[in-house]
Structures are given as C-alpha cells and as structure tokens.
Amino acid sequence: MTDAATQTSKNTSSKPAQPADDRPGALPTPAEQATAAKDRVLTSEGAIEAARAALGEITEPVSVGLYAASRQLDKRLITHLFECNLAGYRGWRWAVTMTRPPRGRTATICELELLPGEDALLAPAWVPWADRLQPGDASRSDRLPRRETDERLEPGWEATGEDGDTVALDELDLGRARVLSAEATAVPPSAGTTVTTAPMPTAYARPTPPAPPVASWYP
C-alpha cells in the first residue's frame, strides 16, 4: 500500500459518525428505553392499553399498529410510540404522552399526536426565493421583485420641502428613489447578479434642453 493510500485510509477512518436522527417520532435508544422503564406506573401494561384506547378515539383502531417503544421526556412524563398503519404515512408513529402526580399510581393522558419517524417522508425545508435563486437562473429579460432590504441599494434622496430639493434634482441629478450603496460599488457583481435602481419619476425627470439655433452665413 502506498503512502497516499495509507493517508486516505486514515482520513476516512477519522471522519465522525453520522449524527442520530432527531425526528420526534424516531425510536429511542436502548439507554432511553431503560430509563423510561424505571417508571413502572407509566410503562405498565395498563398504561400502554390506556394509550392505545385513547388513540382509538381520534382515529380508526386499525390505523394503530404494534407498540414500538417508550421514551422519558421528563420526571413522571413518558411518551409511548405506536406504529402507524395509515396509507401514505409509512415511517410515522402515533405518540401518546402520559404523566402522573408525585407518588400517584394512576396514569393520565396529556397529548396525542402523529410524529415522523426515521423513514418518514417529509417535505424539504422551505427556502425563500431570494436564497433559492442561483447565478444563471435569471436572464436579462427576467424581472424580479424588489427587495425592500436589499443592502446593495440605498435611498437616493429625501424630500424636505425646501429649495435644496430643486438643486439636488435639477443641478446634481439626484432624482432617483434608490441608488447603489457603498457596499455595492465596492464589490464587483458576480456572474448572473444584476443590480438595478428605480427609474427616475416622470415628474422629476430633467427636461431635454432645446437644440441650439443654427446660424446661416452667406457671403
């Protein structure tokens, strides 16, 4: 084995393991199940049957499958998991959370819900269009909505009702609602990125000066 192959093998073996699935309906670890089993009242056969009966009040009894496991959420707070037999919900589990008062011998149902397990099919996390759009997705003819919080643009002027507004609009030509900010001018645009400013309002557009008169001379 070459040195390069040995180094590759070492790098591969040193990679951290994949993190455990943290979905709420995932099966607990053996250690978590052993911790939950210490509460004999909430994990008794009577408590499990009471949990199954409670699920039968919100769904068809045939949709509640085999008992899967129990997980302790807090002191005297246990969640029982049942497999889900509903069509289209493969990998999901029914969850029944139960509790009891201190030194109590009767389990009380707190919550019933359907939770995704390790193999449940979930929709991907929603991403705003501004973050989902990649360079090359938009062409020159595409018009995108204006972003009110675009850090590349800043207000061009603000009306104050004074004569200085006329000077800024006519002489300095600042009659634009938004202009490029210092951040936008300092960084060159990347491929596929366009920065546009709002057009000058018609009411403040500078009039086109008339053409100078043409003088004719005859000898």
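Scanning residues 5 or more positions from ALA69 or on other chains, those with amide H under 5 Å from its amide H are LEU81, with H placed 1.01 Å from N in the peptide plane.
Taking a sphere under 9 Å around the Cβ of ARG76 and counting the other residues whose Cβ falls inside, with K and R at +1 and D and E at -1, yields a net charge of 0. Charge dipole of the stretch 23-116 (Cα centre as origin; +1 on each Lys and Arg Cβ, -1 on each Asp and Glu Cβ, all else neutral): 400 debye, rounded to the nearest 20.
Ordering SER44, SER141 by the number of other Cβ atoms within 10 Å of each residue's own Cβ, fewest first, gives SER141, SER44. Counted by neighbouring Cβ atoms within 10 Å, the residues CYS110, CYS84 run from fewest to most as CYS110, CYS84.
Only the coordinates and a few stated rules stand behind these numbers; no lab work does. From a predicted model like this one, the values you see are computed outputs, not experimental measurements. Positions of Cβ are generated from backbone atoms using ideal geometry, with glycine treated the same way; all protein chains shown enter the neighbour counts.
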